[in-house]
Structures are given as C-alpha cells and as structure tokens.
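Colleague: First, the structure itself, so that you have it in front of you.
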Amino acid sequence: QLWSGPAPQFDGDKAGTVWGVFVEPEHRRRGVATRLMQAVIKHWTSIGCQRGVLLCASEEARRVYERLGFGPGHMLLLELQPSDAAAPAPSSVTLETAHGAEADAHVLRHLRAKHLEERAPGASRWAGEELPERAAAFVKGARERLEYAVCMARDATGAVVGCASSNVWEGPGSNNHSWQTLIKLGVVWGLHVDREQRERDAVAAALLEHVVARWRETGCTKGFVMAASDAEAALFRRAGFEAHNAMTIELGRAPSPTSPIDLLRATAEAEADFVASLRASGAALAQQVPASRLALLRLPPR
C-alpha cells in the first residue's frame, strides 16, 4: 500500500510500504518470500513510488530484503529508556512546548527553510505552492488524534529560531489496541534551526532532547524519524537513534550495472526465476531441496 507516513511527506515523492509478510513454515527457504517481495516492488513501481519502507521482523527476513536492495537508509529508531533529566539548552535560547494553532506559522516557516536547504532543484516551487496546504492538513489531523505538539527555541529577543514537531505513530498496526499496549512510537519531524543562529547544532540537539523528554512523559516506548539528509541522520545517530529493524529501498532511479545494490537485486531475481523454473518442471528433487541450494545450480552469466 502507499505509505502516508507518520509525518508529512515533504518532497512530493510517493513511498510504498509492506507489512504482514508471511510464508507457511513448510514452504520456507524455497524462494517464496523473494518472489512475494519482487511482486511488491513491482506494484510500488507501477503506482509511481520512489521508495519503499518496511520494518523487518527477523534476521531471516532481513537477509531476503537485503538481497533485493533494501538497506537502513535514513529511517531511524530510538529505544526509550529511563534516564536523567535532559541537558540544559544553550544559554542563547529558551525552550518551550506548544500544542495549539498559535505555533503553526513558526512550523511552516521552518519547514519551508528546511526544505529549501536540504532538497534538490525544484524545491523552491514546491515549498512555495504545495507545502503550506499539505503541512496544515497533516498538523490539523495530528493535533486531533496523534498527540501533536511543537517544541520551539526562542532567542533573547523572543523570536522563534528553531522548532521540531512531534506526534505519535500512525500507520500499519497503530489502530491495534494490543499492539499499542506493547509499543507506542513517538515521531519527530521538521527539526530545523535558523542558519544565523549561533550554536546551531547545539540548539538542534537541545530541541531533540526536549522532544525525547516529551515522548517519555507521554508513555512512548520508542522514537522514530525519517531523516531528510546524511547530516540530519548523523545528528539523530549522535542522540542514540539507530536503524534497528527499519529498512528502505530507493525505486526512483535507473538501475546501474555497476551498483552493488542493483547487482545484488539482479542476482536475487535471476536466482528466484531459476528456482521457480526448476520447481515448475515437476521434478521431485526440485520440490524437496531448499531454494538456496537449488540456486547454486544456476550457471553464472558469461
């Protein structure tokens, strides 16, 4: 299905997600999961997705996904543990939390600036024409049902020089009461500090700590972010975020014959096709031997 995401999709790209991938035990290790995921990826591509995202449930599943080109990407999780109070913010700013619409103008200004700083050419038009409407619609819904709040940093004059939005996860599983009693995911998005602000990185780190403290107060067990860039991902990793079981795959670029990911994906597809053809032959041995062993019979391309 399309992944609406637990945060607004600011780059205009579609993302697909998949969940509930399962193969009956007696049919495992025969390439079934690989074929299922190939069909999923094909569907994502057919509906215009630029990337796919998922949470894998086991190391065995991770190996299947990796062979198809999935990797950690910028989708990061934080395990929330009891801790000491958050470190104080830099002396140049004060931090506060807002819940109402009075903060929306600040959120929008920082989202626009963030998008223009981190996105590709063409972002200027998108940030001016589409971002306000899409962001406002998401924030309205998140405020009504997803415990939305915005953490803001003000300088000595009272001006808002940075902010970060937070809400709880909405996506596959979020409407399942049993699931929610075990896992409550806090989500952070739109973290941005004005370029002119001195101690910019320290202010961003303090805003993130403020968000994490709110997650703990509201009973979250994990934190989630889809970082917008390598630099932002590095900031979150310094705060303890890791890929864990989150995986992504990029679909919007042309395959390269020299790309390791594309070579792995092509090999996995060729092996799956080979195993499927052997099983389709009806040979008894082909039905009994695990797919990984059958794949070894395939002659490498010349």
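Colleague: Would segment 56-65 turn up any residue that is part of a loop (DSSP other than H, G, I, E, B), among the hydrophobic types (A, V, I, L, M, F, W, C), open to solvent by 30 Å² or more (accessible area, probe 1.4 Å) and more than 30 Å from residue 296 (Cα to Cα)?
Modeller: no
Colleague: In segment 246-256, is there at least one residue being of a type in the set (Val, Ile, Thr), out of contact with any Phe, Trp or Tyr (no Cβ under 7 Å at 6 or more places or on another chain) and modelled with pLDDT of 75 or more? Write out each step before concluding.
Modeller: Here is the first cut: in segment 246-256, the ones of a type in the set (Val, Ile, Thr) are 248-249.
Checking the rest, the ones that are also out of contact with any Phe, Trp or Tyr (no Cβ under 7 Å at 6 or more places or on another chain) come to none.
Within segment 246-256, not a single residue is of a type in the set (Val, Ile, Thr), out of contact with any Phe, Trp or Tyr (no Cβ under 7 Å at 6 or more places or on another chain) and modelled with pLDDT of 75 or more.
Colleague: Select, from 69, 52, 73, 31, the only residue that is at pLDDT 85 or above, under 20 Å from the mean Cα position of the chain (by Cα) and at positive phi.
Modeller: 69
Colleague: Give the residue that is farthest from the chain's Cα centre (by Cα), with candidates limited to residues of segment 206-238 that are open to solvent by 50 Å² or more (accessible area, probe 1.4 Å) and farther than 23 Å from residue 56 by Cβ.
Modeller: Of everything passing the filter in segment 206-238, 217 is farthest from the chain's Cα centre (by Cα).
Colleague: Moving to a separate point now. Name the pairs: first residue in segment 64-84 and more than 20 Å from residue 237 (Cα to Cα), second residue among the small types (Gly, Ala, Ser) and open to solvent by less than 20 Å² (accessible area, probe 1.4 Å), Cβ to Cβ under 8 Å, at least 6 apart or on different chains?
Modeller: 67/268; 68/268
Colleague: What residue, of 144, 133, 129, 196, is more than 22 Å from residue 232 (Cβ to Cβ) and either in contact with a Leu (Cβ under 6 Å, 6 or more places away or on another chain) or at pLDDT 85 or above (or both)?
Modeller: Testing whether each residue is more than 22 Å from residue 232 (Cβ to Cβ) and either in contact with a Leu (Cβ under 6 Å, 6 or more places away or on another chain) or at pLDDT 85 or above (or both) leaves just 144.
The values are calculated or read from the model by the stated rules, or taken from the named source; none is laboratory data. All values reported here derive from a predicted model rather than from experimental measurement. Neighbour counts are summed over all protein chains in view; Cβ atoms, including those assigned to glycine, are modelled from backbone coordinates with ideal geometry. The area values use the complete protein model at the heavy-atom level, side chains included, leaving out ligands, DNA and RNA. Shrake-Rupley method; radii C 1.70, N 1.55, O 1.52, S 1.80 Å.
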